[in-house]
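Data block below; observations after.
Read-outs throughout are calculated quantities, based only on the coordinates presented, and are distinct from any laboratory measurement. Fair warning: this is a prediction, and the values are worked out from it, not measured in the lab. Neighbour counts run over all protein chains shown; Cβ positions are idealised from the backbone, glycine included.
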Amino acid sequence: MDINFAIFIASIGLNVNSTAVIIGAMLISPLMGPIMGIGMGAGVFDFELIKKAGINLFIATVIGLLTSTLYFFISPLNHAQSELLARTTPQFGT
């Protein structure tokens, strides 16, 4: 499953504080297909495509959350790095 590999790569990038690895994981993320499907379906008013892409996006998101939870549960690295903290702390404005 490609989504597991993308999630593992992103999680490792967060653990080792590497922006480049996180960006690389975003590039191979299988979530882009369903997101583009929803956009295409909305663009051509194909509600069946929007429905299928929405279901795929939901399933991929759940798999991603479960995979990342499992990774961080078994990971020997327990100290939160700045990359992880920057993505988990909401900041409004600049």
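Divide by every residue of the chain the summed helix terms, -39500 (n - 2.57) for each DSSP H run of at least 4, and state the resulting mean residue ellipticity at 222 nm, rounded to the nearest 500 deg cm²/dmol. Working shown, then result.
Values: 5 runs with 71 residues, N = 94.
Roughly -24500 deg cm²/dmol at 222 nm, from the helical runs in the chain.
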Worksheet entry | PHE92-ILE35 pseudo-label distance in nm [points 7 Å out on the Cα-to-Cβ vector] | 2.5 nm
Response to the item:
Between the modelled labels at THR19 and SER75 (7 Å from Cα along Cα→Cβ) the distance in nm is 1.9 nm
Practice prompt. Tabulate in residue order the Karplus-calculated ³J(HN,Hα) for region 19-34, using 6.51 cos²θ - 1.76 cosθ + 1.60 with θ = phi - 60°, rounded to whole Hz; enter x for Gly and Pro.
Written response: 5, 4, 5, 5, 5, x, 5, 5, 5, 9, 5, x, 6, 5, x, x
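Hey, what's the Kirkwood Rh for region 2-77 if you take every pair of different alpha carbons, in angstrom? Intermediate values should be presented prior to the final figure.
Details: mean 1/r = 0.0755 Å⁻¹.
13.2 Å is the Kirkwood radius here.
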